[in-house]
Each structure stands twice: as structure tokens, then as C-alpha cells.
């Protein structure tokens with residue numbers, strides 16, 4: 001897997017750091033051993049576990065797409081039903097919906113569906129703005145109610161988490177498909193810089209956990225108060241830009257050599273051979289998480 005080399009390097013750094021400061025390394029080793037099945041990998045590595053699970057079931061998705069473009073919807077309905085059952089049994093489903101494939105599968109399924117219907121979304125600017133704006137309002141209300149950790153506590157007993165992954169997936173999938181199919185994308189200037197950020201985003205994602213919380217404390221205690229949301233956003237942008245060189249070095253030295261070995265999912269048509277129908281074309285795995293297009297989200301640390 002192309003994700004493993006950098007993840008292994010980061011885990012090694014964490015282990016060395018713990019050994020230097022005299023912390024036990026055994027809990028880290030246990031979390032790594034459990035990581036392929038459970039969301040226990042350090043530094044946001046839970047999302048790598050989710051992606052691994054997706055690749056494991058990718059043949060099922062491709063088989064469904066060959067039968068019908070709409071069959072991935074059955075996966076989403078099954079996931080909603082499973083989350084409903086878990087909520088009924090446990091009284092909460094937030095942890096499973098957020099940290100595991102049981103919730104994140106909606107993003108994969110709707111991402112693949114949006115890819116196949118991207119031509120329909122092209123140029124529908126009003127619809128796209130309505131979906132993205134509606135999702136922003138939804139998230140604003142969600143934050144007002146306590147957000148991730150205080151609604152009323154973590155894990156939350158709110159039944160919203162049954163559908164939260166679906167709402168999130170619908171916004172991301174339709175927004176990306178609309179953007180990709182509605183505009184001509186430049187390869188210079190700002191677009192080129194944003195493209196590089198996307199290229200380095202996996203490295204930025206894994207390495208930022210080493211500094212992000214210390215950086216916030218340092219700025220708040222030594223430079224200025226960060227209680228204002230907008231001031232904190234400006235400083236987070238500064239911190240992100242400072243991580244770009246780190247991402248560049250990590251990408252060039254650790255990721256790039258292994259990327260040469262990756263398997264391509266888009267196959268160029270052979271001269272003289274008719275193109276595949278959309279349902280039969282090899283599918284590009286969608287970008288649920290972050291890190292494949294414009295960067296991974298800065299997820300809350302467990």
C-alpha cells in the first residue's frame with residue numbers, strides 16, 4: 001500500500017520520542033497491532049484504517065457499478081440501517097459513525113456515484129451553492145449544539161449521528177463532482193500551488209500532530225490570545241503554510257519512491273479499441289478523507 005511507508009516512519013518517530021522521554025512503548029505497539037482492524041493507529045492513522053477497509057471491499061463496489069450505477073445506494077441504505085441498529089442497541093453511534101468504515105462508507109459510495117453523474121452536475125451552479133451553503137449552515141447549527149465533543153458529551157447520545165455521515169458525504173461528493181466538471185483548471189499560479197498542497201497533504205496530515213497542539217499553546221501564551229475564532233483561523237493558516245515545506249520534504253523523500261509502484265485505476269484506451277462504457281470503466285477511488293485532493297481535514301485527536 002502506498003500509505004504504509006510514511007505511516008510506518010511516523011510510528012517509528014513516535015516510538016523513538018516515547019523512548020527518549022521515558023514513556024512506555026508497549027501501548028503504542030498494541031495500538032499498532034490492532035490498527036488494521038480498529039481505529040487505534042496514532043496521529044490520525046484511524047483514517048488509514050478506514051481507507052484500508054475500503055480497498056478491501058472495493059471489488060464489491062466495482063461489481064455493483066458494473067450491474068448498475070445506482071446500486072451503491074444500497075450500500076448507503078445498508079449502512080444507515082446498521083447505524084440505526086447500533087444506536088438502538090447502545091444508545092450512541094457517534095464513535096462508530098466517525099472513526100470507522102461503518103460511517104465513512106457513505107463518502108466512498110456517494111463519491112463513486114457522483115463521479116458517474118458528474119456530467120449532470122456540470123454547470124449547475126445554483127444547485128451546488130445551495131448544497132454547499134446548506135451544509136455550512138448545518139455544520140454551524142451542529143457546532144452551536146456542542147459540536148463533536150459537547151453534544152452533550154463524547155460519545156454523543158444524539159441520533160443525528162445515524163445520518164451525519166450521509167449528509168457529510170452528499171455535500172462533499174456533489175461539491176467535488178460539480179467543481180471538477182464545471183471549470184477549466186489551470187496548471188499555473190494559485191491552482192498549481194493548491195495542487196502541490198494536495199500532493200503533500202498526506203504528509204502534512206500525519207506530521208502536523210507533532211506540533212499543532214504545542215503551536216496553539218505557544219501562540220496563545222507568548223504572542224496573542226486565540227479565544228477569537230477568526231484570529232485563531234488566521235493563525236491556523238499561518239501554521240498550515242509553515243507545514244508545507246515539511247510536507248514537501250516528506251513527499252519527496254518517503255512517499256514519492258513508493259508511488260512509482262502504485263496501480264493505476266484509470267486505463268488509457270488502446271488505439272483502435274472502443275472506449276469502455278462508464279459502468280465498465282475502472283473506477284478511481286473517491287476521496288473521502290482527507291489528503292487526496294485539497295488536503296485532509298484536521299480531525300479531532302482521539
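Since every read-out is calculated from the coordinates, none of them should be taken as a lab result. Owing to the predicted nature of the structure, the values given are computational and were not obtained by experimental measurement. Glycine also receives a Cβ, built like all others from the backbone with ideal geometry; neighbour counts cover every protein chain displayed.
Measuring from centroid to centroid over Cα atoms, what is the spacing of the range 203-218 and the range 1-65 in Å? With the range 203-218 and the range 1-65 each reduced to a Cα centre, they are spaced 18 Å. Once you divide the Cα radius of gyration of the range 68-183 by 2.2 N^0.38 Å, the number left is 1.13. Only helical runs count toward this figure. For the chain, summing -39,500 (n - 2.57) over DSSP H runs of n ≥ 4 and dividing by all residues gives -20000 deg cm²/dmol at 222 nm. The order of the peptides 135-148, 43-56 by mean Cβ neighbours within 10 Å, most packed first, is 43-56, 135-148.
How big is the C-alpha Rg of the range 1-131 next to the rule-of-thumb value 2.2 N^0.38 Å, as a ratio? Numbers along the way, then the final one.
Working: Rg = 18.8 Å, N = 131, 2.2 N^0.38 = 14.0 Å.
The reported ratio for this selection is 1.34.
Students often get this wrong, so try it: which of (i) 62, 47, 40; (ii) 71, 50, 31; (iii) 69, 48, 47 is Cα extents along the principal axes in Å as calculated from the structure shown? Matching the structure shown: (i). Pairwise Cα distances in the range 135-260 exceed 17 Å for 73 percent of all pairs.
Hull volume per residue, based on the alpha-carbon atoms of the range 118-194 and their convex hull, is 114 Å³.
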